[in-house]
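Quick notes on the structure that follows.
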Amino acid sequence: MGAVIIGCGKALPDREVANDDLQALVDTNDEWISSRTGIFTRHIAVAESGLTLAAAAAAAALGLDQRDTLKPAAQGWSAQPIDPSSIDLVLFATVTPDVVVPSCAALVKRMLGLDRAVAMDINAACTGFIYGLTVAESMLAASQSAPGASSRTRCRRALVIGCDRLSRVTDWNDRNTCVLFGDGAGAAVVEWSDEKPGIRASYLRNDDDEKNALTCANFIEAPQPFSPVGVDPAACEDASLSGVDALLGIDEAVAAGGMRQVIRMDGRSIFKFASNAMTHAVEEVLERSGLTLDDIDCVIPHQANERIIKFAAKKLGLDLDAFQLSIANTGNTSSASVPMALADAYCTGRVKEGDNVVLVAFGGGLTSGAVLFQV
Ligand code: UT7
């Protein structure tokens, strides 16, 4: 018994931006970007919100007829059409929520009529979908054996979404980062099964990013009428975030004329962290499931840089063919990266009934983790 994936889907914005297009913004070129990252194009949300992308990906995962929601275009696989009112839980992983109240999960619930679901958002950066899947699996498992469990109180089906619009927090003048990112959404439906094993092991981790290698201080502040000594209608000076800036080490960048709200990254140190974190997370789920690399049919990694995936493959001693590569036309889409690659693997028939699959990711936080499941 276990939590089994019964549907998955993805949605990308219409506007595709090629490497050559970025030469109009920064000093870069197709050769540098494609050879250093494996990225050729990415999709940027010009007309779409994160919510419309997420709802389209989720509808595809549920196997819903999308004639009414043709935009944004979505692709999906599902074992059977899934009744929206049978979803008990919606988890929405994102670092770029369109809104904070209500949660994005609550709004997808409204958009798709997931009437009985409870809903919440999760931020674990690019590992968000893996965290979400693990939380969903834990809630499904716990509710089966909870004291007094009944068919009314058991949580049987969860919708886990990973969606990001990194273009909102990208510094389009910084060639070190702007060539890497894209927008998109992916989703999966997991169901508790009394027969199949489904998710066999998961592993989550959070290392302190003490050197601030990957940060984004995306606060929007309402001016407030309080001074240190009392109420003052003219006061809107707010020093409350200066401590946060110091914590994230962004004072200097802002003083040098940069923006406060964008992603800042030390690419080389994240590269190093990522390659080690990926191999470690894969080894952990193998150990926890009692399986070996020989039992694994497919690895679906976070699509941040093809070179990181190659490095991890080499370190693990696995052929690159065992890895799902979806980065070429998406770039790094953070929380959406793993579920979109998962949808690619199902939609192309790359993974089949009985296969053992590992999902693995790393990201800001510094988060990392993996899930090993049987299709
Ligand atoms: O989701 C998780 C978050 N992020 C990641 O996983 C990213 C991890 N890091 C990486 O993928 C790689 O470190 C990058 C793709 C970001 C950079 O690749 P790299 O091979 O580590 O390049 P580098 O940072 O060492 O830079 C090499 C050179 C530098 O020039 P100099 O100092 O050697 O003259 C850069 O200024 O490449 C230059 N450079 C560029 N040149 C053309 C940096 N960005 C660009 C660019 N176009 N876009």
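Quick look at the numbers
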| item | result |
| --- | --- |
| Centre separation in Å (Cα based) which lies between segment 123-156 and segment 260-316 | 25 |
| Hydrodynamic radius (Kirkwood) for segment 157-205, which is based on Cα pairs only, to one decimal in Å | 14.2 |
| Two-decimal ratio, segment 1-62, of alpha-carbon radius of gyration to 2.2 N^0.38 Å | 1.55 |
| Highest-first arrangement of 74-85, 285-296, where packing means the average Cβ count within 10 Å | 74-85, 285-296 |
| Whole-angstrom Cα spans of segment 195-316 along principal axes, big to small | 67, 39, 20 |
| Convex hull projection area averaged over all views, segment 91-234, Cα basis, nm² | 14.6 |
| Angstrom value of the Kirkwood radius, inverse mean 1/r, which spans all Cα pairs in segment 270-355 | 13.4 |
| Residue 145-residue 73 pseudo-label distance in nm [points 7 Å out on the Cα-to-Cβ vector] | 4.7 |
| Directionally averaged projected area (convex hull, Cα atoms, the chain), nm² | 21.0 |
| Cα-based equivalent ellipsoid, segment 50-164: semi-axes from gyration tensor eigenvalues, Å | 23, 18, 12 |
| Added length on full extension, which subtracts the Cα-Cα distance from 0.36 nm per residue, residue 314 to residue 246 | 20.7 nm |
| Packing-based ranking, highest mean first, of 229-239, 108-118 given that Cβ atoms within 10 Å are counted | 108-118, 229-239 |
| Linear extension gain, residue 18 paired with residue 239, 0.36 nm per residue minus alpha-carbon span | 75.5 nm |
| Alpha-carbon centroids, segment 332-375 and segment 35-108: separation in whole Å | 16 |
| Across 196/315; 10/352; 211/272; 272/314; 10/211, pairs whose alpha-carbon gap is larger than 25 Å | 196/315; 10/211 |
| Cα Rg, Dmax (largest Cα-Cα span) when computed across segment 330-375, Å | 11.8, 34 |
| Scaled radius of gyration (Cα, divided by 2.2 N^0.38 Å) that segment 1-108 gives | 1.31 |
| Principal axis dimensions, largest first and in whole angstrom, of segment 153-245 by Cα | 65, 44, 26 |
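Every number in this text was worked out from the coordinates using simple rules, so none of it is lab data. Computed from a predicted structure; not experimentally measured. Positions of Cβ are generated from backbone atoms using ideal geometry, with glycine treated the same way; all protein chains shown enter the neighbour counts.
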